[in-house]
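Enquirer: Have a look at the structure that comes next, please.
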Amino acid sequence: MKRFIFLGPPGAGKGTQADYLSDKLSIEHISTGELLRQEINEKTALGEKARSFVETGDLVPDEIVIEILKEHIRKIRGAGYILDGYPRNTAQAESLEEHEIIVDKAVLFDIDKETVVKRLSGRLYCPKCKKFYHSEYRPPQKDMACDNCGRALVRRKDDDPVSIENRIKVYFDQTHPLIEYYEKKGKLEHIDANRSVEAIHKDLFKRIGR
Ligand SMILES: [Zn+2]
């Protein structure tokens, strides 16, 4: 079975790569954030527990996240998975293990800070379609207008230079111990994420797809 976690800073493209690999290997891409939203929308028992935290802007406690993950993994029976967005620290990684949520390989998307800043600072967003563009890599057809609905594109507050610097710092501070944790277990795989989406696809498949 193939059970991975994907690690990488915002802008490293791990969501795109997780979608690609999960399609190719017929395994689940489990984005914890999306899974939580789904549980809340469907008003499941666990979703209801998570709701109060989300509504007050608090982090959903680990016990609840892990219960939701366990339940979901039980439902997808047999199929492998890619965990995206969780665990974020070693305490969470340890509790995954205690709950027998297995990680065979932790894939780290290595990327230079400058590349991240460049990728994130060019991001444009349509508030209506919730669609992302990029001034350089994926420009809209008309300057600063959404291809779908024509609405003026905006930069999210998260994507201004100060916020980006801050997000990257938080990521590195939090993730460093987690990287060491998986390295010690001999489970860490580095992927050079400074390259094009296609180059990363190929490499990823070659290294962990078989
Ligand atoms: Zn739009």
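Enquirer: Go through (1) of a type in the set (V, I, T); (2) within 20 Å of D84 (Cα to Cα); (3) touching a residue at least 40 places away in the same chain (Cβ under 8 Å) and name the single condition V170 misses.
Expert: Among (1) of a type in the set (V, I, T); (2) within 20 Å of D84 (Cα to Cα); (3) touching a residue at least 40 places away in the same chain (Cβ under 8 Å), the lone unmet condition for V170 is (3).
Enquirer: Say whether the condition of being within 16 Å of the ligand (Cβ to nearest atom) and surrounded by 14 or more Cβ atoms within 10 Å (Cβ to Cβ) is met by at least one residue in region 155-166.
Expert: Yes, some residue in region 155-166 is within 16 Å of the ligand (Cβ to nearest atom) and surrounded by 14 or more Cβ atoms within 10 Å (Cβ to Cβ).
Enquirer: Which ones in region 136-159 are under 19 Å from T16 (Cβ atoms), at pLDDT below 90 and not in a strand (DSSP E or B)?
Expert: E136, Y137, R156, D158, D159
Enquirer: Another question, if that's okay. Could you identify the single residue in Q174, Q141 that is polar (S, T, N, Q) and over 22 Å from F6 (Cβ atoms)?
Expert: Result of the check over Q174, Q141: Q141.
Enquirer: Tell me whether region 48-55 contains one or more residues that are touching a strand residue (DSSP E or B) at 6+ places or on another chain (Cβ under 8 Å) and of a type outside the set (S, T, Y).
Expert: No, because not a single residue in region 48-55 is touching a strand residue (DSSP E or B) at 6+ places or on another chain (Cβ under 8 Å) and of a type outside the set (S, T, Y).
Enquirer: Something else: Restricting the search to region 64-89, which residues are surrounded by fewer than 14 Cβ atoms within 10 Å (Cβ to Cβ) and touching a residue at least 12 places away in the same chain (Cβ under 8 Å)?
Expert: Of everything in region 64-89, those that are surrounded by fewer than 14 Cβ atoms within 10 Å (Cβ to Cβ) and touching a residue at least 12 places away in the same chain (Cβ under 8 Å) turn out to be I76, G78.
Enquirer: Shifting gears a bit: For region 136-154, what are the residues that are surrounded by 12 or more Cβ atoms within 10 Å (Cβ to Cβ) and more than 16 Å from the ligand (Cβ to nearest atom)?
Expert: Y137
Enquirer: With the requirement that a residue be within 20 Å of H99 (Cα to Cα), of a type in the set (S, T, Y) and in a helix (DSSP H, G or I), what does region 18-70 give you?
Expert: Across region 18-70, the qualifying residue is only T32.
Enquirer: From L124, L178, which residue is within 16 Å of the ligand (Cβ to nearest atom) and out of contact with any Gly (no Cβ under 9 Å at 6 or more places or on another chain)?
Expert: L124
The values are calculated or read from the model by the stated rules, or taken from the named source; none is laboratory data. What you see is a predicted model, and the numbers here were worked out from it, not measured in a lab. A quick note on method: Cβ atoms are made from the backbone with ideal geometry, for glycine too, and the neighbour counts reach across all protein chains shown.
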